[in-house]
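Asks: Can you read through this structure? Questions will come right after.
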Protein chains: 2
Amino acid sequence: MSKRIAGPEIERLIQLLAKVPGLGPRSARRAALQLIKKKEQLLSPLAAAMAEAVDAVRICSNCGNVDTCDPCTVCTDPRRDGATIIVVEDVADLWALERAGAMNARYHVLGGTLSPLDGIGPDELNIKALIDRVAGGGVSELILAVNATVEGQTTAHYITDQLSGLEVRVTRLAHGVPVGGELDYLDEGTLSAALKSRTAF
Amino acid sequence: MSKRIAGPEIERLIQLLAKVPGLGPRSARRAALQLIKKKEQLLSPLAAAMAEAVDAVRICSNCGNVDTCDPCTVCTDPRRDGATIIVVEDVADLWALERAGAMNARYHVLGGTLSPLDGIGPDELNIKALIDRVAGGGVSELILAVNATVEGQTTAHYITDQLSGLEVRVTRLAHGVPVGGELDYLDEGTLSAALKSRTAF
């Protein structure tokens, strides 16, 4: 804004809201104004919820998940099959797979992918703990649910190498046509993968 | 989420973030995760900024603006021309006009428009205070910068009626082609207004 038209507390709120992923400078202003208008119903509870989250959030020392307890809810859930571990790059991937609700397994969050150019080697990722979990026994399958990118696949190969000598079945997600997807819009790589992995109708 | 995969503090943060204008349930999850990851740089300062805003925010008793002082920064700014008052529906409109930076006037925020169907009559809006401001003297022009909607125009007419007998010039925003706009995409109403109000080249 060219001139100061609001107090420093409001300006600061807008500045910080603009850094929230999904909000830009323009929507941050709109959000700030709406939050201020709904002070009692929204701004105040949100401030409290954030302050509580700051205090409560923990990184699970077992799997790398984000939660408010350590070990996390997923690791301590007795109804989950501990023999299957789904390896993901990020907590967001864990949440996405949980929304799909297809597996009742446990997880291991790597915290990224190998990327030598960015200085991210095996020690920067949560890989050592994964190998230890598998070596500790009781794990029969490791599903490498990393992204289908070069970095993701490199990381998957590295992990497979590290697991050599350990008794565990290593699998990866199927490649193919997304459910509801139109062939016309798909890239050649996906189409050839879908053709190669075709299944009986 | 089908199963509980994160602690109640995180779930509550996501729920409240989803109510922030501009964020939906999906982007609220992404935002929550990013906020948690940047706990020290973003989540903690944002929680503090929100708590401060809750305490600091005031509605200006003079013009209805939102600020952290009463009277607000705009009303107390000695460099502004107090003889011109721009009447807006909402604080967001005040901010938008300030970003344009075209006028150095003061404002009056109505807090909405007349809408009998929604039970919003003159008493629900900040109109009485506006008439009092004008009746108090020292105001030579009132610019009705309400939205170009039926409700906005109805409100403008009502205000003009209430001002009868008072010595003040009442103006409204020009209708016309938006700067950078393409004629092909404009509605007939705007185009005829722009033609009628054509100016010398």
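Every number here is computed from the coordinates shown, using simple stated rules; none is lab data. Predicted model only: the values in this text are computed from it and were never measured. Virtual Cβ from ideal backbone geometry, glycine too; neighbours counted across all protein chains shown.
Asks: Residues with amide H under 5 Å of B:Val87's amide H, sequence separation 5 or more or different chain, H placed in the peptide plane at 1.01 Å from N; which?
Replies: B:His108, B:Ile143, B:Leu144, B:Ala145
Asks: Please label the shape of the protein assembly as shown as rounded, prolate or oblate, based on the square roots a ≥ b ≥ c of the eigenvalues of the alpha-carbon gyration tensor (a/c under 1.5 means rounded; beyond that, a/b larger than b/c means prolate, else oblate).
Replies: Prolate.
Asks: To the nearest 20 Debye, how big is the dipole of the protein assembly as shown about its Cα centre, given +1 on the beta carbon of each Lys and Arg and -1 on that of each Asp and Glu?
Replies: Dipole magnitude for the protein assembly as shown comes out near 200 debye.
Asks: While we're looking at this one, here's another question. For region B:9-108, which GluC sites (Glu not before Pro) are both in a DSSP coil and crowded by at most 15 other Cβ atoms within 10 Å?
Replies: Answer in residue order: no site qualifies.
Asks: Then there's this: In nm, one decimal, shortest first: how far is the label point of A:Pro78 (7 Å from Cα along Cα to beta carbon) from the matching points in the other copies?
Replies: Spelled out, the distances from A:Pro78's label point are 7.4 nm.
Asks: Please find, among residues of chain B, the one with the beta carbon closest to the rotation axis relating it to chain A, distance in whole Å.
Replies: In residue-and-Å form, the answer is B:Ala47, 3.
Asks: Could you give each residue of region A:96-112 its phi-based ³J(HN,Hα) in whole Hz, using Karplus coefficients 6.51, -1.76, 1.60 with θ = phi - 60°, and x for Gly or Pro?
Replies: My calculation for region A:96-112 gives 5, 5, 5, 5, 4, x, 7, 10, 10, 9, 9, 10, 9, 9, 6, x, x Hz in order.
Asks: With the label 7 angstrom out along Cα to Cβ, how close does A:Gln41 come to the same site in each of the other copies, in nm, nearest first?
Replies: Label point to label point, same position, other copies: 3.5 nm.
Asks: Using θ = phi - 60° and the Karplus curve 6.51 cos²θ - 1.76 cosθ + 1.60, what whole-Hz ³J(HN,Hα) does each residue of region B:189-199 get, with Gly and Pro shown as x?
Replies: With the stated coefficients, region B:189-199 comes to x, 5, 5, 5, 4, 5, 5, 4, 9, 4, 10 Hz.
Asks: Then there's this: Residues of B:21-33, mean number of Cβ from any other protein chain within 10 Å of their own Cβ, rounded to a whole number?
Replies: Mean inter-chain Cβ contacts per residue within 10 Å come to 5.
Asks: Going toward the positive end of the dipole of the protein assembly as shown, with +1 on Lys and Arg Cβ and -1 on Asp and Glu Cβ, which of B:Leu191, A:Gly181, A:Asn62 do you reach last?
Replies: Positive-most Cα among the choices belongs to A:Asn62.
Asks: Can you give me the long-range amide H partners of A:Arg58? Hydrogens built in the peptide plane at 1.01 Å from N, cutoff under 5 Å, separation of 5 or more residues or another chain.
Replies: The answer is A:Asp67, A:Thr68, A:Cys69.
Asks: How much of the pair distance distribution for region B:78-201 lies past 19 Å, counting alpha-carbon pairs only, in percent?
Replies: Counting every Cα pair in region B:78-201, those more than 19 Å apart make up 53 percent.
Asks: Could you work out, residue by residue across B:62-75, how many beta carbons of other chains sit within 10 Å of that residue's beta carbon, and then give the average as an integer?
Replies: Per residue, the average neighbour count from other chains is 3.
Asks: Please say if region A:8-56 is rounded, prolate or oblate, where rounded means a/c under 1.5 for a ≥ b ≥ c the square roots of the C-alpha gyration tensor eigenvalues, and otherwise the choice is prolate for a/b larger than b/c and oblate otherwise?
Replies: oblate
Asks: Still on this model: Per-residue ellipticity at 222 nm for chain B, helices alone: DSSP H runs ≥ 4 residues times -39500 (n - 2.57), over residue total, nearest 500 deg cm²/dmol?
Replies: Rounded to the nearest 500, the figure is -12000 deg cm²/dmol.
Asks: Between copies, how far does the label point of A:His157 sit from its twins, in nm, shortest first, when each point is 7 Å from Cα along Cα→Cβ?
Replies: Label-point separations across copies, in nm and ascending: 7.4.
Asks: Output the relative contact order of region B:82-172, whole-number percent, from Cα pairs under 8 angstrom with separation of 6+ residues.
Replies: 34
Asks: Moving on to the next point. Using Cα positions and a limit of under 30 Å, work out the lysines in reach of B:Lys128, with same-chain residues fewer than 8 apart set aside.
Replies: Cα-Cα hits under 30 Å: A:Lys3, A:Lys37, A:Lys38, A:Lys39.
Asks: Same structure, new question: Can you give the mean number of other chain Cβ atoms that lie within 10 Å of the Cβ atoms in peptide A:35-42?
Replies: Whole-number average of other-chain Cβ neighbours for A:35-42 is 5.
Asks: I would also like to ask the following. Read phi for every residue in region A:76-84 and hand back ³J(HN,Hα) as whole Hz from Karplus 6.51 cos²θ - 1.76 cosθ + 1.60, θ = phi - 60°, with x for Gly and Pro.
Replies: Running phi through 6.51 cos²θ - 1.76 cosθ + 1.60 with θ = phi - 60° gives 9, 5, x, 7, 8, 7, x, 7, 10 Hz.
Asks: Could you tell me the relative contact order of chain B? Use alpha-carbon pairs under 8 Å, at least six residues apart, and round to a whole percent.
Replies: 13
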